[in-house]
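Okay, structure first, notes after.
The values are calculated or read from the model by the stated rules, or taken from the named source; none is laboratory data. Only a predicted model underlies this, so the values are computations on that prediction, with no experimental measurement involved. We place every Cβ from the backbone using ideal geometry, glycine too, and count neighbours over all the protein chains shown.
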Amino acid sequence: MPTLPKFRPLFVLAALAALLAVPAAAQATLAYTKNIYHQHVYVAANDGKGAKEIGPGFNPRVSPNGDLVAFEREGKGHAPEMKLYDVTTGKTKTIFSPWRESFTFAWSPDSTMVAALRGGELGSRSLYVVDVETGKLTKIATGYFNGVSFSPDSKELVFGLAQSQAYPAKTDIIRGSVEGGPTSPLTHDNISAWPLWGPHDQIVFAKQLNAKQRKYGPKNDLFLMNPDGKAVKRLTHTKVDQLTVGLFPTAWSESGNQLLTEYQGQDTSYAVTVNPKTGAEKNLSPGNSETGFVGVALTPDGKTVLGYLGGYEGPGSKLRVVSVPYKGGKAKVLVKGGFAPSWGG
């Protein structure tokens with residue numbers, strides 16, 4: 001997520017914490033959070049049945065194979081820790097601390113690594129790749145980050161990087177190896193961020209446009225490019241109100257024919273599908289931006305979107321984890337009282 005005005009609510013950050021992941025096929029696992037005042041993480045089957053509480057924590061992210069769940073918990077000295085829960089054994093361990101800005105996060109498609117940020121409470125962060133089995137840390141870059149995503153073969157990653165906290169961020173997209181070492185910029189315009197590396201050599205990303213013409217900051221439109229930074233093509237021409245930011249890429253289908261995005265802004269977050277060839281957009285909760293459907297994941301076949309409803313309805317009485325057809329339609333309730341879900345397998 002970008003550096004947005006301070007009015008961004010908890011639910012928006014929680015939703016984007018599950019973003020920027022390419023789905024893969026394996027064990028079916030649903031993870032989610034309940035009780036916004038005393039948050040606990042749960043796992044269940046993808047249909048919401050057989051729920052089991054993991055323990056205190058929030059912002060769960062299921063690995064692409066469905067075997068592991070990374071989630072955030074406050075540790076000693078109030079340090080934010082990344083916990084890793086094994087669905088098969090039921091065991092939990094700490095693999096990363098202090099974990100900062102947990103909405104900038106990604107699982108590798110082969111489910112062996114995560115990318116996350118470390119740093120102090122203020123100032124720049126460092127991006128690390130973490131081997132979830134051994135705990136080995138590999139430092140990739142330092143600065144101010146706007147999104148991260150692994151390549152489909154899990155050997156590289158791309159990320160948005162700025163060298164200051166200025167708003168709007170002067171950010172470009174960088175490519176690097178998961179083993180560390182030199183990195184390569186893919187853009188040089190200082191307005192490119194939030195990359196999502198998809199199938200068939202497609203990277204979708206946001207450009208922050210019209211900063212000088214707009215009252216509160218730039219708007220996002222989506223672009224496509226090759227992994228070498230070439231063949232840049234504008235994908236969307238979205239109408240963006242002054243108090244909203246626009247689209248952020250969320251998930252690709254395995255075929256690359258479906259693309260899920262999220263429209264974000266002040267008290268606004270709702271799922272929008274985008275045709276990767278034409279740029280045509282479809283709001284999955286038309287006419288209801290404030291309590292609309294927040295989308296966080298896409299099934300590998302591209303037919304179903306996972307998310308939640310009720311994100312701005314006070315103490316959580318109307319929160320519920322749901323699935324919605326990619327083409328639009330009635331939401332199916334999976335978990336009453338749940339929010340910030342993640343889906344793997």
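Values as computed for the structure displayed
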quantity	calculated
Test: residue in region 258-267 that is in contact with a Pro (Cβ under 6 Å, 6 or more places away or on another chain) and either of a type outside the set (Lys, Arg) or in a strand (DSSP E or B) (or both)	yes
Any chance Lys277 is in a loop (DSSP other than H, G, I, E, B), more than 20 Å from Phe103 (Cβ to Cβ) and at pLDDT 85 or above	yes
All positions within region 95-144 that are hydrophobic (A, V, I, L, M, F, W, C), part of a strand (DSSP E or B) and more than 19 Å from Ser177 (Cα to Cα)	Ile95, Phe96, Trp99
From the options Thr261, Thr236, Thr183, residue that is of a type in the set (Ser, Thr, Tyr), closer than 30 Å to Val129 by Cα and in contact with a Leu (Cβ under 7 Å, 6 or more places away or on another chain)	Thr261
Count of residues meeting criterion [under 21 Å from Asp201 (Cβ atoms), under 19 Å from the mean Cα position of the chain (by Cα), assigned to a strand (DSSP E or B) and polar (S, T, N, Q)] in region 145-179	1
Odd one out for Ala115 among (1) within 27 Å of Ala51 (Cβ to Cβ); (2) crowded, with 20+ Cβ neighbours inside 10 Å	(1)
Region 242-282, residues that are in contact with a Phe, Trp or Tyr (Cβ under 8 Å, 6 or more places away or on another chain), of a type in the set (S, T, N, Q) and within 11 Å of Leu196 (Cβ to Cβ)	Thr261
Search result, residues across region 165-197 that are at pLDDT 95 or above and of a type in the set (Ser, Thr, Tyr)	Thr171, Ser177, Thr183, Ser184, Thr187, Ser192
Condition met for Thr3 (closer than 30 Å to Asn257 by Cα, surrounded by fewer than 20 Cβ atoms within 10 Å (Cβ to Cβ) and either at pLDDT 95 or above or of a type in the set (Val, Ile, Thr) (or both))	yes
